[in-house]
Amino acid sequence: MNAASPGRIPAVPARAGRMCVVAAGGTGGHLFPAQALAEALIARGWRIALATDERGVDFAANFPGGEKIALSTATYRPGDRLGMLKAAAAIGVGVLQARNAFRRIDPDVVVGFGGYPSVPALLAAITTGRPSVIHEQNAVMGRANRALAPHVTAIGRAFPTLQKATPKVVSRSVVVGNPVRPEIQALAGRPYAPPGPDGEINLLVTGGSQGARLLSDLVPKAIAQLPEALRSRLNVQQQARPESMDLARATYRNADVKADIAPFFRDMAGRLEAAHLVIGRSGASTVCELAVAGRPSILVPLRIALDDDQGQNARLLAEAGAAEVAREDVLSVDVMTRALETLLTNPDRLARMAAAARSVARPDAAERLADLVEATARK
């Protein structure tokens, strides 16, 4: 994702006050890139409306732009015929709601970020002939985007590889990267300083909303097994689920390890900048943020993730030499201890991993996606 990648799409002269509907919801993995795009378009003079589900309206209270459009939608488990029928009915209602909203606000383009909350708005755009764009954050195309991709006007993708997509869809798609939050984007280009021979080592442990319990339980035990001389230098910042926090704190306290444990860190950019090594899942946002920040990592893909999208995301950093990947089926406390001791006692390797992470970054992904949106929008 560096100099060898294609140049940006030529910018289209802005027409004042154009309207973009951004369709996203459900999780931060969809909403963070959507917010980054919205901010880039607003800076170019666009007006923004967010189309999402009812849960997304509450989660996106601070989403930039104007109107929040709550649309009926639903998902279903594969093979659940009754669930499929109920979801189809809910989505049908959502499409009608989106069409009514579109008649009122008259969007020039509709951009979807995957997941079932984006489906009604994109179907409304497709069936009324409005320009439409989907952005796929993962290295594996999600179910909703796979269904809609043949029918939208343009496709942007985050990763050089795009599995579960047809050759025609892949050939039509443009690699733009995954937009990251502005505070993370600001870390691009800032130097990485590996830990000194006797200095403090900052270890950041994330986990996201899915699977953080595994890391909350396993990482403190693994750190407690490290040699005392190494433990004494550690400063651990760890996200953990509330029910796991007491045990994690007790484990670190008994091991004489300095640790800050919380379910959520609001100043993630500052903690990421200070980190010498990051342990976390490999959701698309996490992988791309690590690349932009240029931080070495140990990644633990979520085993139950559909189509192994987290495992495929992790390949970007692993193949560049920026991350070690620990699959859940072979991960143990001892395995994590050995990985930590190997990396934390080799600052030169950490520095090489940091440089490798930055080599595959696309810090201008929001601008690249905004270029694609403007080129696709109604002229």
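The values are calculated or read from the model by the stated rules, or taken from the named source; none is laboratory data. Just so it is clear, the structure is predicted and the values come from calculations on it, not from any experiment. A quick note on method: Cβ atoms are made from the backbone with ideal geometry, for glycine too, and the neighbour counts reach across all protein chains shown.
Before moving on, here are some points about what is shown:
- Every listed requirement among (1) in contact with a Ser or Thr (Cβ under 6 Å, 6 or more places away or on another chain); (2) among the hydrophobic types (A, V, I, L, M, F, W, C); (3) farther than 17 Å from G177 by Cβ is met by A314 save one, (3).
- Residue check for D307: assigned by TED's automatic domain parsing to the domain that holds M353, modelled with pLDDT under 95, over 16 Å from the mean Cα position of the chain (by Cα) and among the acidic types (D, E): yes
- Count of region 131-169 residues which are in contact with a His (Cβ under 8 Å, 6 or more places away or on another chain) and part of a helix (DSSP H, G or I): 0
- A240 passes every criterion in (1) modelled with pLDDT of 95 or more; (2) within 19 Å of the chain's Cα centre (by Cα); (3) small (G, A, S); (4) over 24 Å from M353 (Cβ atoms) apart from (1).
- Against the test of being buried (at least 23 other Cβ atoms within 10 Å of the Cβ), at pLDDT 95 or above and closer than 30 Å to L272 by Cα, the options A124, A139 yield a single qualifying residue, A139.
- Residue check for A284: in the same structural domain as L215 (by TED's automatic domain parsing) and either in contact with a Leu (Cβ under 7 Å, 6 or more places away or on another chain) or at pLDDT 95 or above (or both): no
- Extreme residue, farthest from D267 (Cα to Cα), among residues of region 204-234 that are β-branched (V, I, T) and at pLDDT 95 or above: I223
- Qualifying positions in region 266-275 - closer than 17 Å to L234 by Cβ and either touching a Leu at 6+ places or on another chain (Cβ under 6 Å) or modelled with pLDDT under 95 (or both): R271, A275
- Residues of region 32-75 classified as among the small types (G, A, S) and modelled with pLDDT under 85, total: 6
Residue-wise test of (1) farther than 25 Å from E289 by Cα; (2) surrounded by 16 or more Cβ atoms within 10 Å (Cβ to Cβ); (3) touching a strand residue (DSSP E or B) at 6+ places or on another chain (Cβ under 9 Å).
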{"site": "T206", "(1), (2), (3)": "no, yes, yes"}
{"site": "R213", "(1), (2), (3)": "no, no, no"}
{"site": "S216", "(1), (2), (3)": "no, yes, yes"}
{"site": "P220", "(1), (2), (3)": "no, yes, yes"}
{"site": "L226", "(1), (2), (3)": "yes, yes, yes"}
{"site": "V236", "(1), (2), (3)": "no, yes, yes"}
{"site": "E243", "(1), (2), (3)": "yes, no, no"}
{"site": "R249", "(1), (2), (3)": "yes, yes, yes"}
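- Counted residues, region 171-182 - those being exposed (fewer than 14 other Cβ atoms within 10 Å of the Cβ) and in contact (Cβ under 8 Å) with a residue 12 or more places away in the chain: 1
- Identity of the residue in region 98-130, assigned to a loop (DSSP other than H, G, I, E, B) and in contact with a Cys (Cβ under 7 Å, 6 or more places away or on another chain), that ends up farthest from G83 (Cα to Cα): D108
- Within region 170-198, being among the polar types (S, T, N, Q) and assigned to a helix (DSSP H, G or I) holds for S171, Q185.
- Against the conditions (1) over 17 Å from I279 (Cα atoms); (2) under 20 Å from the mean Cα position of the chain (by Cα), D348 satisfies every one except (2).
- Candidate set: region 95-114, residues that are touching a strand residue (DSSP E or B) at 6+ places or on another chain (Cβ under 9 Å) and not aliphatic (A, V, I, L, M); chosen: the one surrounded by the most Cβ atoms within 10 Å (Cβ to Cβ): F113
Residue-by-condition table, conditions (1) in contact (Cβ under 8 Å) with a residue 12 or more places away in the chain; (2) surrounded by fewer than 20 Cβ atoms within 10 Å (Cβ to Cβ):
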site	(1), (2)
R281	yes, no
V287	yes, no
V330	no, yes
V333	yes, yes
L340	yes, no
T345	yes, yes
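- Residue within region 206-229 that is within 29 Å of A36 (Cα to Cα), out of contact with any helix residue (DSSP H, G or I) (no Cβ under 8 Å at 6 or more places or on another chain) and outside any loop (DSSP other than H, G, I, E, B) present: yes
- V257 satisfies every condition listed in (1) closer than 30 Å to D307 by Cβ; (2) at pLDDT 95 or above; (3) over 17 Å from the mean Cα position of the chain (by Cα) except (1).
- Scanning region 273-299 for residues that are within 15 Å of the chain's Cα centre (by Cα) and among the aliphatic types (A, V, I, L, M) yields A284, V287, L290, A291, V292, A293, L299.
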